[in-house]
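The structure appears below as structure tokens.
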Amino acid sequence: MTHPAPRRTVLLATGAAALAAGCGGGSGGDGSSGGSSEGAPSAGTSGGRELARTSEIPVGGGKIFADRKVVVTQPDRGEFKAFSAVCTHQGCTVATVADGTINCPCHGSEFRITDGSVAGGPATRPLPAERITVQGDSIELA
């Protein structure tokens, strides 16, 4: 014979699941062009699929692909960089790219679009670089 779970157990489990979902998520917008994130596997999987077209990445800005956990920037025309979209402070997904920085909404950390280095804390470590390839006007996660 099974016994129903006490209400407190159900509420605690539901609250923990909601907290976990809220801490790991983030919007896919880039803050500068209003674009949304692309649908594809996470950055931890093998690359080879198109991530974006070069025209989607603004010069002096970038675009966040939250579902792939990567942000692609274009510091100067024709120069594309990619970094992890996971903030090195507490693991939130960065949410915007504006004014030369990649910005985390959780605690305000800022990272430079040129090299992922910390422009403002509380993060103390840079965003790790991700490998991309640019073929014509296509950007692929390597």
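If you filter the stretch 61-142 for trypsin sites (Lys or Arg not before Pro), then keep DSSP loop positions with at most 14 other Cβ within 10 Å, what is left?
For trypsin sites (Lys or Arg not before Pro) across the stretch 61-142 that sit outside H, G, I, E and B with at most 14 neighbouring Cβ atoms in 10 Å, the list reads Arg77, Arg131.
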- line: Expressed in nanometres to one decimal, the distance between label points 7 Å along Cα→Cβ at Arg53 and Asp137 is 0.5
Percent carbon-and-sulfur accessible area, the stretch 46-142, ignoring ligands, DNA and RNA, probe 1.4 Å: 45
query: So for Val118, Val72, what's the accessible-area order with a 1.4 Å probe, most first?
result: Val118, Val72
Solvent-accessible surface (1.4 angstrom probe) belonging to Glu50, in square angstrom, nearest 10: 90
- prompt: Under the Kirkwood approximation for Rh and a Cα-based Rg, what ratio Rg/Rh is obtained for the stretch 85-142?
  reply: 1.03
query: Amide H to amide H, which residues 5 or more places from Ala52 or on other chains are under 5 Å from it, using H placed in the peptide plane?
result: Ile139
- prompt: Where a ≥ b ≥ c are the square roots of the eigenvalues of the C-alpha gyration tensor, would you call the stretch 45-117 rounded, which needs a/c under 1.5, or, failing that, prolate if a/b is larger than b/c, or oblate?
  reply: oblate
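The values are calculated or read from the model by the stated rules, or taken from the named source; none is laboratory data. All values reported here derive from a predicted model rather than from experimental measurement. So basically every Cβ, Gly included, is an ideal-geometry build from the backbone, and we count neighbours across all protein chains shown. Remember, those area values only see protein heavy atoms, side chains included, never the ligands or the DNA or RNA. Shrake-Rupley method; radii C 1.70, N 1.55, O 1.52, S 1.80 Å.
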